[in-house]
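Beneath this line is the structure, given in C-alpha cells, with notes to follow.
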Amino acid sequence: MEGWLIALLVLLGIVVVFVVVMLCLMPCKCYFTALFSGCYISAFKCISMKMRKLDVNEIVKAYVLSKKSHQGLTLYDLQIVQSCGGHPMKIVEGLNAAKTATLDLDFEFCKSVDISGFDILEVVRECINPKVIELPLISSVAQDNIEVNVKISITLKVNIKNFLRGVTDETVSARSVEAVVTKIANTMRASDLVAKPQLLDKAIFDAGVDDDSKYELVSADVIHADLGNNRGLSAEKESIEKEQIIAANQLERRRLIAVAQEQEMKARAEEMRAKAIENEAEVPKAIIKAIEEGKIKDVVDYYKLQNLQADTEMRRQIVAKKQQNDSF
C-alpha cells in the first residue's frame, strides 16, 4: 500500500512539474485566444514558435483572421512568412481587402509583395483607386521655333502581372515627358498643339510608356497648354545684342588707342619743348664764345642780337594771342 502511494505521489509530482514547465514555456494568452476563437492550436506548436523566436501573437491573430474569413491559410504558411521577414497580419488583411474588392490576388503574390518591402494594403488600394501623377511643366520648341508649355497628369493602375518585376512609376513619368517633348519637336506649328491638346494625350499612349511596367496607363490629361516665347526671335535678338556689344567694345578700344596716341603726342611735344629750352640755354654761351672768338665785334652787335630776339618773341606772342581770340 505504501509503495503504491509513493508511486502515485511521484507520478503526481511529475505531472505537476510538467504542467508548470508547459505554463512557463507556452504563450498562454495566444493559446487561449486561438482556443476561444474556435481555431485550436496545440500547446506544442505555440511553444515551438516561441522557441524559434517568432512573433506568436501576430501569427495567431493572422491565423484566426484567415480562418474567420475562410482564406484557407495554414499555420505553417504564416510561420514561413514571418521567418522570411514578412508580416502575416498585413498579408491576411490584404487578401481580405482584395476579396472584398473582387481582385484576383493569391497568397503567394501577397507574400512576395510583402517580403519585397511593399505594403500589400497600399497595393490593393492602388488597384482599387488608380494613382494620379502630375508631371512637371514641360517646355519644348516646335519646328516653327515657338515654345510650347504643357502641364499633364497621368493616371496609373497597378498591373498585378508585372508588379514585382516591372519598372516604377518614376520611369513611366519620365517616358511620358519624353513622348510629349518628341511630339512637340516633330510638330510643324506650335499653335496646332494648343488648339488640339488631345494630340499630346495620344502621343503618350502611342509611345507605350507603360510597357514592362508595374503600372498600367489609364489616362493622360492635359491640364494646361499655352504658347511661350518665339525662340527664333529671341535668338535673333540675342545675336543683335551680341553684335552691339562687340561694336561698342571695338569703339571703346579705338577711343582708348586715340587717347593713348594723344598722350604720346603730348609727351613728345613736351620732350621737344624741353629740348628747345635746353638749346636756348646754350645761346648765351654761344654768344660769349662768339665774342671771344671775334665773330661779334663789339657790344653793339650783341645788343642788336638781343633786340632781334625780343622782337621775334613779341611777334610770336602777338600771333598766339590773335589765334586765341579767333578760337573764341
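All of the numbers you see were taken from the coordinates with simple rules; none came from a lab. A quick note: this is a predicted structure, and the numbers were derived from the prediction, not measured. Glycine also receives a Cβ, built like all others from the backbone with ideal geometry; neighbour counts cover every protein chain displayed.
How far apart, in nm, are two points set 7 Å out from the Cα along the Cα-to-Cβ line at L308 and at F44?
The modelled label-to-label distance comes out at 15.1 nm.
What is the distance in Å between the Cα centroid of segment 104-174 and that of segment 37-89?
34 Å
Tell me the trypsin sites (Lys or Arg not before Pro) within segment 79-187 that lie in a loop according to DSSP and have at most 13 other beta-carbon atoms within 10 Å.
R165
Using 5 Å bins from zero, what percent of all Cα-Cα pairs in segment 21-128 falls into each bin?
Reading the bins upward from 0: 2, 13, 24, 22, 17, 11, 7, 3, 1, 0.
Restricting things to alpha carbons, find the Rg to Rh ratio for segment 131-233 using the Kirkwood radius for Rh.
Result for segment 131-233 is an Rg/Rh of 1.03.
Below 14 Å, Cα to Cα, which aspartates and glutamates can K151 reach? Residues fewer than 8 away in the same chain don't count.
E134, E178, D201, D221, D226
State, as an integer percentage, the relative contact order of segment 21-128 based on alpha-carbon contacts under 8 Å between residues 6 or more apart.
19 percent
Suppose each label sits 7 Å from its Cα in the direction of the beta carbon; what would the R316-D206 distance come out to in nanometres?
Here the answer is 9.3 nm between the modelled labels.
I want to check the label-to-label distance for M272 and N249. Put each point 7 Å from Cα in the C-beta direction and report it in nm to one decimal.
It is 3.7 nm.
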